[in-house]
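To start, the structure under review is shown below, and the notes come after it.
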C-alpha cells in the first residue's frame with residue numbers, strides 16, 4: 001500500500017473502532033472484493049449474499065479486536081470469509097452425513113494461503129509507481145480495455161501497454177522476492 005492509502009485505511013479503522021457508525025466507510029471500500037471472494041468459492045447467489053453479510057457483521061462485531069499490522073484490512077476480511085465458508089461447508093457436511101468433510105478442511109488451508117497471497121499482491125500493487133498502479137487496477141480490477149484506459153488517462157494505447165508491462169514486471173519481481 002502506498003503510505004497515503006495505508007494511513008488513510010488505518011485512520012478509517014481507528015475511527016470505526018471508536019465509533020462503529022464509521023464502519024460504513026470500510027464496508028463501502030471492501031464490499032465488492034469480499035463479495036467476489038465469496039462468490040468464487042460458493043457458486044450460489046443467496047448463499048454468497050448471506051455469507052458476505054455474515055463477514056461484515058463479524059467484522060463490525062470484532063473491529064475493536066483488530067490490530068493494525070500494515071496488512072490491508074481486506075486480508076482480515078478474507079480470513080473471516082474463509083472461516084465462514086469453511087464453517088458453512090462443515091455444517092452442510094454434518095447435515096448430509098455424520099462423517100467430517102475432509103474436503104472442507106483442505107479448502108480452508110488453501111483459502112488461507114490464497115488470502116495471504118492476495119494480501120501480498122495488494123501490498124505489491126500499492127507500492128507500484130502511480131501510473132503503473134492506476135493502469136494495473138483499471139485493467140485487471142476494473143476490467144477495462146487498453147483503449148478505455150488510454151482514453152481515460154489521456155495517453156496513447158502504446159503508452160498504456162508499456163505501463164501495464166512495466167507494472168506486471170515490477171509485480172512479478174516483488175512477488176518472486178518473497
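The values are calculated or read from the model by the stated rules, or taken from the named source; none is laboratory data. Here the structure is a predicted model, which means the values were calculated and not measured. Please note: Cβ atoms are built from the backbone with ideal geometry, for glycine as well, and neighbour counts cover all protein chains shown.
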Could you tell me whether any residue of the range 138-149 is surrounded by 16 or more Cβ atoms within 10 Å (Cβ to Cβ), at pLDDT below 90, within 20 Å of the chain's Cα centre (by Cα) and not in a helix (DSSP H, G or I)?
yes
Is it the case that some residue within the range 60-68 is within 13 Å of the chain's Cα centre (by Cα) and at negative phi?
no
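Going through 75, 16 one at a time, which residue ends up being in a helix (DSSP H, G or I), over 19 Å from residue 115 (Cβ atoms) and touching a helix residue (DSSP H, G or I) at 6+ places or on another chain (Cβ under 9 Å)?
On the way: 75 fails: over 19 Å from residue 115 (Cβ atoms).
Within the list 75, 16, the selection yields 16.
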